[in-house]
Amino acid sequence: MAIFTLEKNNGIALVTMDTPDSPQNVLSEASQSEYESILADIRNDNSLKGMVFASGKKDVFLAGADISIFQTIETQEQAYESSKLLHGMLQQVADLPITTVAAINGVCLGGGLELSLVFDYRVASDSKSTRIGVPEVQLGLLPGGGGTTRLPRVVPLPDALDMMLTGRQLSASRAKKIGLVDEVVASSILLDVAHNYVAKGKPNRKSGFKDRLMRMSPVRQFVISQARKKVMSQTKGKYPAPLKILDTVNRGLAMSLDKALDLEAKGFGELLVTPESKQFVNIFFATTDLKKDTGVDSDATARPISNVGVLGAGLMGAGIGYVTVDKAKTTVRLKDISVEGLAKGMAYVGKLVDKKLNRRRIKPHQHQSIMARLTGSLDYRGFKNSDVVIEAVFEDLSLKQRMVADIEALSGNKETIFATNTSAIPIDDVAATAKHPERIVGMHYFSPVEKMPLLEVISGTKTADWVTATAVELGKKQGKTVIVVNDGPGFYTTRVLVPYNMEAVRLVLEGVAIQEIDNSLESFGMPVGPIKLMDEVGIDVGAHIVVTLNQAFGDRIPLIDGVDKVLADERMGKKNGKGFYDYSEDSKGKRVDQSIYSVIGVENPGRNELSRQVIIERVLFSMLNEAAYCLQEGILRSARDGDIGAIFGLGFPPFTGGPFRYMDSLGLTEVRAKLEGLHAEHGQRFKPAQLILDLAEQSKGFYS
Ligand code: T1G
């Protein structure tokens with residue numbers, strides 16, 4: 001079945017792209033030959049005065065080049081040629097003597113936007129599904145279908161850079177505002193309007209003075225240098241793509257279009273073969289697979305959810321309430337034990353929805369409908385109809401068990417799911433006193449809930465598959481990337497974080513400077529150092545969890561002195577303004593609080609000047625090894641989930657592909673050697689997971 005159809009009416013050729021048996025339109029080798037024959041037909045038909053290009057799919061215009069092709073490209077030269085090939089395909093439209101119009105409805109990304117850029121006009125629908133952008137940077141690439149060259153010649157340089165450096169997807173109205181599309185209309189009249197644009201004839205687009213000025217060297221250099229400063233502060237130079245984009249745009253704007261396109265193809269070729277890009281492409285396919293993963297191995301399916309109850313209106317509860325009313329579009333009953341607490345939680349949600357209104361991302365009537373889904377209560381009234389009740393109260397097992405009993409008493413015959421947001425208490429413990437343990441599940445969110453993309457769903461040994469599947473579905477509706485793990489102390493994300501943090505504290509006790517430890521792990525690519533992270537998560541929270549894990553794993557996750565002294569000095573971290581860092585007015589968490597050293601009994605802090613490499617290995621391999629234990633023990637269902645969980649939940653550097661891909665990139669023989677060395681030097685806590693030893697023995701990796 002054809003990908004493209006061509007209809008000619010009244011001198012206008014309508015080309016419709018509708019890839020059969022696929023939810024997306026993508027530019028691929030399969031589409032190339034048909035595309036070229038359609039263009040040849042149009043080129044040779046002198047009766048035509050115009051061409052309109054549209055998609056036959058409901059919410060998709062064109063999702064770009066076929067990403068799966070990148071996994072088959074091995075050399076820079078091949079990648080360069082693939083970019084040149086795409087340039088040639090799109091140039092065939094640019095060279096048509098007739099007026100060309102792109103009618104954009106639905107996602108128009110990467111090569112999709114690049115194709116539309118060679119059209120004389122771009123008309124877009126005001127549909128919510130119309131999202132326009134160049135997300136290549138998120139694949140470790142630059143727009144290689146002419147986008148790097150043409151976009152800054154169509155829209156103002158700062159807007160073009162923002163799109164290319166962030167991968168931001170614009171709504172149709174935003175795209176019109178920056179001059180990327182000529183008109184925004186209702187999707188019902190999109191094709192008519194596009195056809196009418198043919199009558200306008202080819203535009204004589206002259207860049208405005210401001211745009212010309214922006215492209216002149218001194219101004220351009222300034223804009224580029226400002227953008228580079230921002231990129232470096234965000235990425236610390238760990239990501240090649242944004243820097244290559246800046247360099248290519250800067251040099252390309254001083255060249256003719258052809259030369260600039262060739263420079264772009266070279267840059268695309270260089271980036272495609274980088275290990276960072278390979279890992280980003282792995283992450284794309286992993287997250288795409290997760291979207292389709294029900295989270296259970298049986299054919300159990302999720303039940304419909306229309307009412308959600310949230311117990312606890314603190315930061316987590318309010319955040320869960322927000323993503324549920326806003327993204328899942330489900331009613332939420334938010335309960336707290338105090339009026340102040342409830343009011344604060346409701347206000348927190350209100351502030352987030354107000355922000356969307358103020359940024360014009362929603363209209364007033366949408367603001368009202370979102371807020372109308374949220375109601376508050378100081379008791380259980382209104383919880384009887386909840387399909388799912390999520391508790392987000394403090395980590396007290398008996399309190400959570402009492403809440404289970406309350407909800408079970410309330411729900412009667414309704415099979416209400418009880419989800420706990422605990423970060424470490426085993427689900428089986430929460431379910432131990434339940435009448436219906438099969439309806440108890442873990443839904444571990446990360447703070448702040450409205451920003452952190454991961455949801456870790458934990459199945460207890462008695463949790464029914466339909467309950468797990470329903471929790472997964474709710475998480476996806478809340479806009480989360482969801483992994484499902486099996487029950488155990490600390491589940492996965494908390495369990496791997498604790499040895500990581502504790503090893504950092506041991507280094508402090510050994511006289512290594514706190515700042516040096518954090519700087520070392522940030523130089524590896526962690527968003528924030530382990531000591532700073534403890535302050536942010538809460539030193540008391542971490543200390544509590546260490547005890548839980550030590551009870552479960554003994555000398556593999558040993559307790560350490562020092563943390564109890566920190567707590568005794570009433571240092572809980574950022575939340576009470578006292579921790580390892582100084583939260584006074586003139587520091588605001590930027591500087592280490594030097595008084596911490598005497599609190600934990602470290603004399604002459606910083607005396608131990610370990611190399612960055614040693615610091616990174618000590619701390620990072622604690623996490624890598626624990627991750628392998630989680631996979632070995634079946635807490636993790638797959639290495640894929642472990643990688644996505646660490647990247648989206650703990651900020652593990654995405655350019656490494658995640659802990660398991662990172663260990664594969666080192667080679668498990670090397671990982672085994674490092675761990676055996678650390679084990680010999682520091683004891684049982686570095687005992688290598690048997691899985692690592694076995695895979696190394698077989699010269700295999702986690703993915704091979
Ligand atoms: N290539 C290959 N497959 C793609 C694809 C693409 N560009 N986009 C989606 N798919 C597949 C996906 O793998 C899944 O397949 C199915 O479509 C449904 O996807 C030269 C080099 C478009 C917003 O980065 O962001 O152009 O698993 O479940 O949630 O400069 O897919 O079902 O077999 O994600 O509705 C730039 C990537 C490419 C867009 C839809 N474009 N895609 O989300 O569906 S590079 C992108 C997305 C490029 C040029 C450069 C999303 C989506 P399967 P889905 P969705």
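Mind pulling the angle between the C-alpha long axis of helix 539-553 and the longest principal axis of the chain? Nearest 10 degrees, somewhere in 0 to 90.
Helix 539-553 sits roughly 70 degrees off the main axis of the chain.
Protein chains only, probe 1.4 Å: how do His367, His444, His679 rank by accessible area, largest first?
Largest accessible area first, the list is His679, His367, His444.
Say a paramagnetic label sat at a point 7 Å from the Cα of Glu609, along Cα to Cβ; which residues of the range 516-553 have their backbone N under 19 Å from it?
In the range 516-553, the label zone of Glu609 (backbone N under 19 Å from the point 7 Å along Cα→Cβ) covers 516-521.
Using 0.36 nm per residue, how much length does the chain from Lys477 to Gln684 gain when fully extended, once their Cα-Cα distance is taken away?
Gain on extension, Lys477 to Gln684, equals 70.3 nm.
To the nearest 0.05, how large is the calculated FRET efficiency for Ser338 and Glu29 if R₀ is 51 Å and r is the Cβ-Cβ distance?
0.20
Rounded to the nearest 0.05, what FRET efficiency do Ser638 and Asn204 give with R0 = 56 Å and r taken as the Cβ-Cβ distance? Could you check?
E(calc), rounded to 0.05, equals 0.50.
Using a 1.4 Å probe and ignoring any ligands, DNA or RNA, find the accessible area of Tyr35 and quote it in Å² to the nearest 10.
Approximately 10 Å² of Tyr35 is accessible to the 1.4 Å probe.
For the pair Lys590 and Ser233, how long in nm is the line joining their label points, each one 7 Å along Cα→Cβ?
It is 1.1 nm.
Using a 7 Å offset from the Cα along the Cα-to-Cβ direction at both Thr288 and Arg168, what is the distance between the two label points in nm, to one decimal?
Once both label points are built, they end up 2.6 nm from each other.
Below 8 Å, C-alpha to C-alpha, sequence gap of six or more: please give me the relative contact order for the range 493-697 in percent.
Relative contact order for the range 493-697 comes out at 25 percent.
Work out, step by step, the length gained on full extension between Asp192 and Ser217: first 0.36 nm times the residue separation, then minus their alpha carbon distance; give nm to one decimal.
Once the chain is fully extended between Asp192 and Ser217, it gains 4.8 nm.
Might you work out the accessible area of Met534 for me, using a 1.4 Å probe with all protein chains in place, and round it to the nearest 10 Å²?
Here the residue's solvent-accessible area equals roughly 10 Å².
Mind checking the per residue accessible area of the chain for me, 1.4 Å probe, whole number of Å²?
Accessible area per residue, the chain: 42 Å².
When all protein chains stay in place, what accessible area (Å², nearest 10, 1.4 Å probe) is found for Arg612?
Accessible surface of Arg612 is approximately 100 Å².
To make sure I understand the rule: partners must be aspartates and glutamates, Cα under 13 Å from the Cα of Lys236, and not fewer than 8 residues away in the same chain. Which ones qualify?
Glu522
Leaving ligands, DNA and RNA out of it, report the carbon-plus-sulfur percent of the accessible area of the chain at a 1.4 Å probe.
53 percent
Between beta-carbons, use under 13 Å as the cut-off and find the net charge around Leu397, counting Lys and Arg +1, Asp and Glu -1.
-3
So, R0 is 45 Å and r is the distance between the beta-carbons of Lys49 and Thr669; what FRET efficiency does that work out to, to 0.05?
0.10
Kindly write out, for the range 225-238 in residue order, the coupling ³J(HN,Hα) from the Karplus curve 6.51 cos²θ - 1.76 cosθ + 1.60 (θ = phi - 60°), rounded to whole Hz, with x marking Gly and Pro.
Per residue, the Karplus-derived 3J(HN,Hα) values read 5, 5, 5, 5, 4, 5, 4, 5, 5, 7, 10, 6, x, 7 Hz.
Using modelled backbone amide H atoms (1.01 Å from N, in-plane), which distant-in-sequence or interchain residues come within less than 5 Å of Val52's amide H?
Here Ala13, Leu14, Val15, Val101 satisfy the definition.
Nearest 5 percent is fine: what portion of the DSSP beta bridges confined to the chain is antiparallel?
Around 25 percent of the beta bridges assigned by DSSP in the chain are antiparallel ones.
Where in the range 133-147 is the amide nitrogen less than 16 Å from a point lying 7 Å along the Cα-to-Cβ axis of Gln91?
Only 144-147 fall inside the zone, counting backbone N under 16 Å.
Helix 315-326: angle to the longest alpha-carbon principal axis of the chain, degrees 0 to 90, nearest 10?
30 degrees
Tilt of helix 29-44 relative to the longest C-alpha principal axis of the chain, in degrees (0 to 90, nearest 10)?
Approximately 20 degrees, to the nearest 10.
Full-extension gain between Ala409 and Ser377, please, as 0.36 nm times their residue separation minus the C-alpha to C-alpha distance.
9.7 nm
What does the charge count near Gln684 come to, summing +1 for each Lys or Arg and -1 for each Asp or Glu among other residues with Cβ under 11 Å from its Cβ?
+2
The values are calculated or read from the model by the stated rules, or taken from the named source; none is laboratory data. Model, not experiment: these values are computed from the prediction. Positions of Cβ are generated from backbone atoms using ideal geometry, with glycine treated the same way; all protein chains shown enter the neighbour counts. Heads up: the accessible areas ignore ligands, DNA and RNA and are worked out on the full protein's heavy atoms, side chains in. Shrake-Rupley method; radii C 1.70, N 1.55, O 1.52, S 1.80 Å.
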